[in-house]
Amino acid sequence: MADWVTGGATVVVLGMLVWGARSRSPKALELTGERIDVNRATVDDWLKLPLVSIHQAKALVRLRKAGVQLHSTEDLAAVLGIPAQKLTPLKNHLRFCYYDPDSVYTAHPMAVNQAELANLEKFLGLPLAKAMVEERQTGGPFRNWEDLQTRLGLSGPLVSTLLPYLYFDD
């Protein structure tokens, strides 16, 4: 038996629910055992949760990028503007990890199209940082990871390594 839900990513195969982008029930989350690191979550991660709208997800990511860390479901509820009790079914699926902003082990992501050469050089080394800045100046801002990879001729593994250090403005 296979049911495909049109317009969404929820798929039922042999009676088993597979977590999809539009499957946003606590029960579906329970079946996958997926956990979200609240202080590293992307918009896509937030949208996997029921109760979180696209606007709230974007606001949560902007707060994270501005250095705000959430430490409990109460903090998350306050940001979402909902009672903390509404998050009770999701408690087992949320991880509240603390990341010391002053630690040398904590990534401090930089905006690809705004980062200066000196800052890029710390993570990328001078040759790649220089190539990125020069390409940005001659070819215009990078649109996304694929554009960055193509224009700079980067390997897939190198792009994967750069993910925690760089981001693209919305």
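The values are calculated or read from the model by the stated rules, or taken from the named source; none is laboratory data. All values derive from a computational prediction rather than experimental measurement. As a convention, Cβ positions derive from the backbone with ideal geometry for all residues, glycine included, and neighbour counts pool all protein chains shown.
Considering (1) over 11 Å from His93 (Cβ atoms); (2) at pLDDT 90 or above; (3) crowded, with 18+ Cβ neighbours inside 10 Å, say which one Val52 fails and leave the rest.
Here Val52 clears every test but (2).
Taking the condition modelled with pLDDT of 85 or more, in a loop (DSSP other than H, G, I, E, B), of a type in the set (A, V, I, L, M, F, W, C) and surrounded by 12 or more Cβ atoms within 10 Å (Cβ to Cβ), does Val68 pass?
Spelling it out, Val68 is indeed modelled with pLDDT of 85 or more, in a loop (DSSP other than H, G, I, E, B), of a type in the set (A, V, I, L, M, F, W, C) and surrounded by 12 or more Cβ atoms within 10 Å (Cβ to Cβ).
Residue check, Lys58 against (1) assigned to a helix (DSSP H, G or I); (2) modelled with pLDDT under 90, all met but one. Which one?
If we test Lys58 against (1) assigned to a helix (DSSP H, G or I); (2) modelled with pLDDT under 90, just (2) comes out false.
Being of a type outside the set (Lys, Arg) and touching a helix residue (DSSP H, G or I) at 6+ places or on another chain (Cβ under 6 Å) is the requirement here; does Leu117 meet it? Give the steps one after another, and end with the answer.
Numbers: of a type outside the set (Lys, Arg): yes; touching a helix residue (DSSP H, G or I) at 6+ places or on another chain (Cβ under 6 Å): yes.
When the stated conditions are applied, Leu117 passes them.
Among the helices (runs of 4 or more DSSP H) lying completely within region 76-169, list those that include at least 3 residues that are surrounded by 15 or more Cβ atoms within 10 Å (Cβ to Cβ) and not assigned by TED's automatic domain parsing to the domain that holds Ala59.
Working: elements: 117-124, 126-139, 145-152, 156-162.
In region 76-169, the matching helices (runs of 4 or more DSSP H) lie at 117-124, 126-139, 145-152.
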